[in-house]
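Engineer: One structure, as structure tokens, below. Some questions next.
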Amino acid sequence: MNVNFYKYKFYFIFSLILNLSNIYLGNSEEQNSKNFILIPFKSYFPKLDFSPNVNKALINSWVRRKLYLDIENESRQKMQIILNTQEPQMHTRDVIALIRTEDKYYEPYNINDKDICTFNYKNSNSYELTTEYNHSFYSIYNTCYAKEKIFLYNNFNLIEKKLYNIEFIHSSNETHICFFGGLQLTESPIDLKINLFYQIKHLINSQTYTWSLIFTSPNEGFFIFGDIINNNKIHFYNDNIEDNYISLNIPAYSLSTITWKLYFEKIYFDDYVIKTDSQLYFYINFQIRYITVPKKYFYDIKSKYFLTDDSIENTKKKFICFEEEIEFFFHGIYCHKKEYLEITDNYKKLPTLNLYGYKLGINITFTPKDLFLEKDDKIYFYIAYNQRQNDDWYMGSIFLEKYITIFDNEAKKLNILKISDNKKEENKEVQSNKFKIIIIIILVFILSALIFSFLGMIFGKKLYKQRKKKANELDDEDFDYSPKIIND
């Protein structure tokens, strides 16, 4: 054994440690390569002053709620992008909604549109007209294509942000306009450049078209787009890893007409079954918070939540809760808060709503407190009946508030993050153990390298001394000691 042996051994150990570090750092780099953007969203509620019934007007404003992205341009102007599920093109408009009244079938709502439509392109330093006013958009003529620079965030603290150029159809010459951004992709090459999803994906260089609405309260939160699942920069109530998601394939006729659905087999209250059906599904409605059900089941559910048993006098119940018809199609319920809480023993007498589906593999549950909103001296029930939807079932944003749901338009998949504290702790423990193992391996190799280096130096010196000693002890008879003559 010589000193070179220890030197090579040290190089081997050092290379091994370096490779382990590169593997670990490589995984980190892979995570860091996942790109996403984040935009705050809020809710806008139309103020329907023409209704004399305050409670009716309030429910109506909830039914007409609009979720919008709250964005700033380079000039620090607010740009409200109202989300919709139909149109793939991003465009401007000065009409927020259509409202049905007694006098008219439907009329454009713009009573207080300046409360939300605040963008003034004339005051923007980054607004850019890219075509002439020679395009048509649906029934709107003389529209153009335009660009605007907007800020997008990449963290939940809303500190790190970057400017991006986004293109849209400018369909209004007004100085107080809203933007509309569709939550759909498009198969049209012409519409791609003005599609919200397509533009953001290529601006941030994300790998996927996944997106989500993360509610921090019933009426606001964050819109996330990009590489969401398996991204260690994004944290939810459970570890954000693929194994913790339930994935559902959503059938679609085309890329631009995806209708998001949740499949169930059984709807029940504790031990009382409302409906069983192998083809039962709920359409997801992003705008409205309500769960809307067919008429028959609405009154069945109503009987369970509003206590129609004989233990309560009919005359007493009659003046506690009220069913209101909104815009001649929507049926909602509200009650006097004090009396209702007294009758239900502060919700304790009310059952939990359960929805089970074999494709989901989990129970989706809503407690009574999930299904009621207490406001002032009234309580509002979040299960309703919509005449326009016939026998269809709709799940409102009340579901998205409780369960993190990731939508993938390109893969046509719906991903629901499971609520499992046990799984969460298990995943944390696994990740922690993996990290500990890597640290232990690195420390063992470093310690081994130091020990071998130290032993190499000690044994190297001993071997050197032994060789020197043996050389001095050689037999003198084998050598001829002759003085060396030095010539001056």
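The values are calculated or read from the model by the stated rules, or taken from the named source; none is laboratory data. Computed from a predicted model, the values in this text were never measured in an experiment. Positions of Cβ are backbone-derived with ideal geometry, glycine not excepted, and every protein chain shown enters the neighbour counts.
Each row is one residue, and each column tells you yes or no for (1) among the hydrophobic types (A, V, I, L, M, F, W, C); (2) within 17 Å of residue 69 (Cβ to Cβ); (3) at pLDDT below 80.
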| site | (1), (2), (3) |
| --- | --- |
| 134 | no, no, yes |
| 143 | no, no, no |
| 151 | yes, yes, no |
| 155 | no, yes, no |
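Engineer: Among residues belonging to segment 32-65 that are of a type in the set (Lys, Arg) and over 18 Å from the mean Cα position of the chain (by Cα), point out the one that is farthest from residue 228 (Cα to Cα).
Structural biologist: Only one residue fits best here, namely 56.
Engineer: If you go through segment 182-210, how many residues are within 17 Å of residue 257 (Cβ to Cβ) and either hydroxyl-bearing (Ser, Thr, Tyr) or crowded, with 18+ Cβ neighbours inside 10 Å (or both)?
Structural biologist: Residues that pass the stated criteria total 12.
Engineer: Out of segment 191-202, which residues are part of a helix (DSSP H, G or I) and out of contact with any Lys or Arg (no Cβ under 9 Å at 6 or more places or on another chain)?
Structural biologist: 191, 192, 196, 197, 198, 200, 201, 202
Engineer: Looking only at segment 161-190, count how many residues are farther than 26 Å from residue 415 by Cβ, modelled with pLDDT under 90 and either of a type in the set (D, E, K, R) or assigned to a loop (DSSP other than H, G, I, E, B) (or both).
Structural biologist: Going through segment 161-190 one residue at a time, the tally reaches 7.
Engineer: Is it the case that segment 113-120 has a residue that's exposed (fewer than 15 other Cβ atoms within 10 Å of the Cβ), in the same structural domain as residue 71 (by TED's automatic domain parsing) and modelled with pLDDT under 75?
Structural biologist: Yes.
Engineer: For segment 269-286, name all the residues that are without any contact (Cβ under 8 Å) to a residue 40 or more places away in the chain, of a type outside the set (A, V, I, L, M, F, W, C) and either on the phi > 0 side of the Ramachandran plot or surrounded by fewer than 17 Cβ atoms within 10 Å (Cβ to Cβ) (or both).
Structural biologist: If the condition is that a residue be without any contact (Cβ under 8 Å) to a residue 40 or more places away in the chain, of a type outside the set (A, V, I, L, M, F, W, C) and either on the phi > 0 side of the Ramachandran plot or surrounded by fewer than 17 Cβ atoms within 10 Å (Cβ to Cβ) (or both), then 271, 276, 277, 278, 279 are the ones that fit.
Engineer: Condition (residue is touching a Phe, Trp or Tyr at 6+ places or on another chain (Cβ under 7 Å) and at pLDDT 90 or above) applied to segment 97-105: is it met by at least one residue?
Structural biologist: No: segment 97-105 contains no residue that is touching a Phe, Trp or Tyr at 6+ places or on another chain (Cβ under 7 Å) and at pLDDT 90 or above.
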